[in-house]
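Engineer: One structure follows; several queries about it will come next.
Values quoted throughout were computed directly from the atomic coordinates according to the rules given, and no laboratory measurement underlies them. Given the structure is predicted, the values throughout are model-derived calculations rather than measurements. A quick note on method: Cβ atoms are made from the backbone with ideal geometry, for glycine too, and the neighbour counts reach across all protein chains shown.
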Amino acid sequence: MKKILEINNLKKNFRTERIFFGSNKIIKAVDDVFFSINSGEICALVGESGSGKTTIARCIAGLETFDSGSILFKGTPLIFKTKEERRKIQYIFQDTYNSLNPRMRIDDTISEPIKYHFEIKGQKLNEEVNKLLKKVGLNESFRKKFPHELSGGQRQRIVIARALSLKPELIIADEPVSNLDVSIQAQILQLFLELNIKDKITFLFITHDLRIVYNLADYVIVMKDGKIVEQGQTQKIYSKPQSDYTQNLLYSIPASPFKN
Ligand SMILES: Nc1ncnc2c1ncn2[C@@H]1O[C@H](COP(=O)(O)OP(=O)(O)O)[C@@H](O)[C@H]1O
Ligand SMILES: [Mg+2]
């Protein structure tokens, strides 16, 4: 199977400020990480808070520099990619409220990036915005609205529509449903699955919550303290977790089907 993303020896340290007479502390946020994602798959990156998931995501999205290692997108280091190619990687954040401009109507939120990247306008742009809203399960009436008029789930759908407007091949979704009610979570996860199956979009799905991974991901990567603890096909990780850490993550799930 073709690899869409390859990460080799990735390292990223943060240096904390000195407090009083203490010394500077170096946090190894990402510590020699290797993994790859097959094109067309959903890869889950899981681990407790502070394990380095977001830092990896930000490095892939080009929002953070890294100290060493490489990130290849479709075989080429990201640093050599043009803006046009980088558009094929989109990043969805947990915090939908801050992801959307509060003063911008949904219409502009979705159409601005299309105008910028594809030089589409007029009736064609109009149709494109409607098509994207429909794809994420919303109707045309949402175009006139502002972010504060929407529910959390609706805002996340708009964020997804905006990401889709750029015709991404890889979407990094960083805790995309963690702020949502359980029933809404299920709907958004279903949307991700549909986009994966129908539109063949590859996902790096980041979560601290292993409950949502089982029915979603093809492959699971487990992180702790900046390092990968284990990785493998979802079935394998769930049926035969190799490390105590993964077992604890699985067994701490309330009413877990994996509890012995
Ligand atoms: N900008 C930053 N400055 C200093 N430390 C940071 C910064 N961003 C993240 N960290 C630290 O790096 C580690 C990994 O953080 P993060 O990647 O956000 O983990 P996760 O997304 O798994 O919760 C944590 O110890 C966090 O405090
Ligand atoms: Mg995070």
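Engineer: For the pair K144 and S23, how long in nm is the line joining their label points, each one 7 Å along Cα→Cβ?
Structural biologist: Between K144 and S23, the simple spin-label model gives 6.4 nm.
Engineer: Using the Kirkwood radius built from alpha carbon pairs, what does the Stokes-Einstein equation give as D for segment 104-166 at 10 °C and 1.306 mPa s, in µm² per second?
Structural biologist: So the translational diffusion coefficient is about 140 µm²/s.
Engineer: What do the square roots of 5 times the Cα gyration tensor eigenvalues come to for the chain, in whole Å, largest first, as semi-axes of the equivalent ellipsoid?
Structural biologist: Whole-Å semi-axes of the equivalent ellipsoid: 31, 22, 19.
Engineer: Now for a separate question. So, R0 is 35 Å and r is the distance between the beta-carbons of K121 and K200; what FRET efficiency does that work out to, to 0.05?
Structural biologist: 0.80
Engineer: Relative to the Cα centre, what is the charge dipole magnitude of segment 104-166, using +1 at the beta carbon of each Lys and Arg, -1 at the beta carbon of each Asp and Glu, and rounding to the nearest 20 debye?
Structural biologist: 140
Engineer: Quick query: amide H of E230 versus all other amide H atoms, modeled in the peptide plane; which residues come in under 5 Å with a sequence gap of 5 or more or a different chain?
Structural biologist: Under 5 Å from the amide H of E230: V222.
Engineer: So, by mean Cβ neighbours within 10 angstrom, what's the order for 205-213, 157-165 with the highest one leading?
Structural biologist: Ranked by mean Cβ neighbours within 10 Å, highest first: 157-165, 205-213.
Engineer: Given Cβ point charges of +1 (Lys, Arg) and -1 (Asp, Glu) and nothing else, what value in debye, to the nearest 20, does the dipole of the chain about its Cα centre take?
Structural biologist: Rounded to the nearest 20 debye, it is 480 debye.
Engineer: Top mean-square fluctuation among Q185, Q94, Q123, Gaussian network model of the chain, C-alpha springs under 10 Å?
Structural biologist: In the Gaussian network model the winner is Q123.
Engineer: R0 = 30 Å: FRET efficiency of T16 with R105, Cβ-based, nearest 0.05?
Structural biologist: With a Förster radius of 30 Å, E is 0.15.
Engineer: Using the Karplus equation 6.51 cos²θ - 1.76 cosθ + 1.60 (θ = phi - 60°), what ³J(HN,Hα) coupling, rounded to whole Hz, does each residue of segment 75-91 give in order, writing x for Gly and Pro?
Structural biologist: x, 10, x, 4, 5, 8, 7, 7, 4, 4, 6, 5, 4, 6, 10, 10, 10
Engineer: At 1.567 mPa s and 4 °C, plugging the Kirkwood radius over alpha-carbon pairs of segment 18-74 into Stokes-Einstein gives what diffusion coefficient in µm²/s?
Structural biologist: Result for D is 95 µm²/s.
Engineer: What area, in nm² and to one decimal, does the C-alpha convex hull of segment 1-143 cast on average over all directions?
Structural biologist: If I average the Cα hull's projected area over directions, I get 12.2 nm².
Engineer: Using a Förster distance of 41 angstrom, determine the FRET efficiency expected from the C-beta separation of K131 and Q235, and round it to 0.05.
Structural biologist: Here the calculated transfer efficiency is 0.70.
Engineer: Then there's this: Can you compute the helix-only [θ] at 222 nm over the chain? Use -39500 (n - 2.57) per DSSP H run of at least 4 residues, normalise by all residues, nearest 500 deg cm²/dmol.
Structural biologist: -10000 deg cm²/dmol
Engineer: Can you tell me what share of the DSSP beta bridges in the chain is antiparallel? A percent to the nearest 5 is fine.
Structural biologist: So the antiparallel bridges amount to about 55 percent of the total.
Engineer: Quick one: length gained pulling L63 to Q187 fully straight, 0.36 nm per residue minus the C-alpha distance?
Structural biologist: Length gained, L63 through Q187: 41.8 nm.
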